[in-house]
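Working notes for the structure below.
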Amino acid sequence: MRRRRRSHPLGTEVCGPTGVAVLDATGHPLAPCAPARARRLLRRGRAWLLRERPPVIQLTRTPSAPSDAEQP
C-alpha cells in the first residue's frame with residue numbers, strides 16, 4: 001500500500017514556481033523565496049506565517065544591509 005504524502009503549508013504544490021511571498025518586519029514586500037528557505041526561517045523563529053494560501057511569511061526583524069568590509 002502506498003503512503004500518502006502530507007502536504008506542508010509552504011510546500012511546492014501550493015506555492016507553485018514563484019515561491020513564497022516575503023514581507024519585512026514593517027510589512028513591506030521583499031523578493032519571494034523558495035519554500036525550503038521559508039520553512040527554515042519559520043523553524044528558526046526568524047519569520048512567522050502570515051497567510052497559508054497563498055503562502056506569505058513576515059520576518060520578525062528587518063534584515064541587515066550587506067557590509068562594506070570586503071571592499072578595499
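Just so you know, all these numbers are worked out from the coordinates, no wet-lab data involved. What you see is a predicted model, and the numbers here were worked out from it, not measured in a lab. Cβ: placed from backbone, ideal geometry, glycine included. Neighbour counts: every protein chain shown.
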With DSSP loop assignment and no more than 16 other C-beta atoms within 10 Å, the trypsin sites (Lys or Arg not before Pro) in region 23-52 are Arg44, Arg46
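Gain in length, Ala34 to Arg46, computed as 0.36 nm per residue apart minus the alpha-carbon separation, to one decimal in nm?
So the chain would gain 2.8 nm between Ala34 and Arg46.
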